[in-house]
1. Does at least one position in the stretch 98-120 carry a residue that is touching a Gly at 6+ places or on another chain (Cβ under 6 Å), closer than 19 Å to V81 by Cα and not in a strand (DSSP E or B)?
2. I need every pair where a residue in the stretch 118-140 that is under 13 Å from T159 (Cβ atoms) has its Cβ under 6 Å from the Cβ of a residue that is open to solvent by less than 10 Å² (accessible area, probe 1.4 Å) and among the basic types (K, R), sequence separation at least 6 or different chains.
3. Quick check on my filter: what residues within the stretch 154-168 are open to solvent by less than 30 Å² (accessible area, probe 1.4 Å) and either more than 27 Å from the chain's Cα centre (by Cα) or of a type outside the set (S, T, Y) (or both)?
4. Return yes or no: is R201 without any contact (Cβ under 8 Å) to a residue 24 or more places away in the chain and either more than 25 Å from D116 (Cβ to Cβ) or surrounded by 19 or more Cβ atoms within 10 Å (Cβ to Cβ) (or both)?
5. For the stretch 215-233, give me each residue that is over 16 Å from V189 (Cβ atoms) and of a type outside the set (S, T, N, Q).
6. Which condition does I182 not pass, out of (1) in contact (Cβ under 8 Å) with a residue 12 or more places away in the chain; (2) surrounded by fewer than 18 Cβ atoms within 10 Å (Cβ to Cβ); (3) closer than 23 Å to L149 by Cβ, if it passes all the others?
7. Suppose we filter K171, K151, K145, K133 for residues that are open to solvent by 10 Å² or more (accessible area, probe 1.4 Å), under 17 Å from L283 (Cα atoms), at pLDDT 95 or above and among the basic types (K, R); which single one remains?
8. Hey, can you tell me all the residues within the stretch 95-126 that are closer than 22 Å to E279 by Cβ, at pLDDT 95 or above and open to solvent by 20 Å² or more (accessible area, probe 1.4 Å)?
Amino acid sequence: MRNIGRIAAGLLLVAALAGCGSVGEGAAPDASPPPVETTAPAPVAPPEGDADPGEAGPAQPPQSAPQPKPDPAPEAEAPPVEKDYYMDGSYILRPKDESADPKKVVLLTFDDGPKDEATLTSMLDTLERHQAKAIFFLNGYRAEKKPELVKLIHERGQTIGNHGWDHIDLKKETQERMEKQIDDVQALVRDIVGEAPAFFRPPFGSGGDAVKKKAKDAGMLYMTWSNGSRDWEKGYDEPRKVIDSVLEQLHPGSNILMHELAWTEEALDELLTELERREYGFLDPDRIDPDYSKN
């Protein structure tokens, strides 16, 4: 019996040792196959504007800094107008080269504005249709009340002239008051449009040597007229009479006096059309040379 017990104990010991040997030190454990290394595809950047602002996108190649755009070339200034006409002692406009053409020109002028926007705008439209330039001789007290009309004349490419502050006879005024009447208009127009008038016409055409000198000292060419439309006279307040009056006095170089009046505005298109039919041109005031003129 004692031997049987020893044999049983031995068998138990052998079985225990066999079970431990399968995981003992030096034995290879069960393992999965080693992972196969693969190259991951490069991430695709989302379309511009679709990227999540919280995620950093793929590294982008460095970009050169944007180059500043060159400044646009400045617009070429219009060449200065050739001053090829002058005003003679009778206020008639003549070419400096007496053999040159055209001699048949007129200078269009309008006094006593600015008054009415509708009338003025219609006159400006008519001048533009005929590609005509004119001088608008303004009174200071009217220009002060309607600076927007002073700007309108300037912006439409027409010339502004000085007609005194009030419509008074400067020849009868003291030197001090006469000078103030002229200087105040110069200052006002300069403040409104950035440049002072270059032409002066005294109210009623009444000036004299003192007024002429003051106008010249203020940088202006003094003038009256050589062809009066008579649109300011009683009985001439209708378009047909205004036209007939101008045509009756017409001569080459006519310095035509008109006013900012409703019947003159109505007459203007027909008058300019008739002047063109008679082959007259409209003189740009910028072409008048004040240093060559006689007055």
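1. Checked against the condition, which is being touching a Gly at 6+ places or on another chain (Cβ under 6 Å), closer than 19 Å to V81 by Cα and not in a strand (DSSP E or B), the stretch 98-120 yields at least one hit.
2. As it stands, the answer is F137/R201, since those pairs meet every condition given.
3. Within the stretch 154-168, Q158, I160, G161, N162, H163, G164 qualify.
4. Here the answer is no, as R201 does not meet what is asked.
5. K216, D217, Y222, M223, W225, G228, R230, D231, W232, E233
6. Just one mismatch for I182, condition (2).
7. Just a single option satisfies the conditions, and that option is K133.
8. Passing the criteria: none in range.
The values are calculated or read from the model by the stated rules, or taken from the named source; none is laboratory data. Keep in mind the model is a prediction, meaning the values are calculated, not measured. Positions of Cβ are generated from backbone atoms using ideal geometry, with glycine treated the same way; all protein chains shown enter the neighbour counts. To get the accessible areas, we keep the full protein, side chains included, count just its heavy atoms, and leave off ligands, DNA and RNA. Shrake-Rupley method; radii C 1.70, N 1.55, O 1.52, S 1.80 Å.
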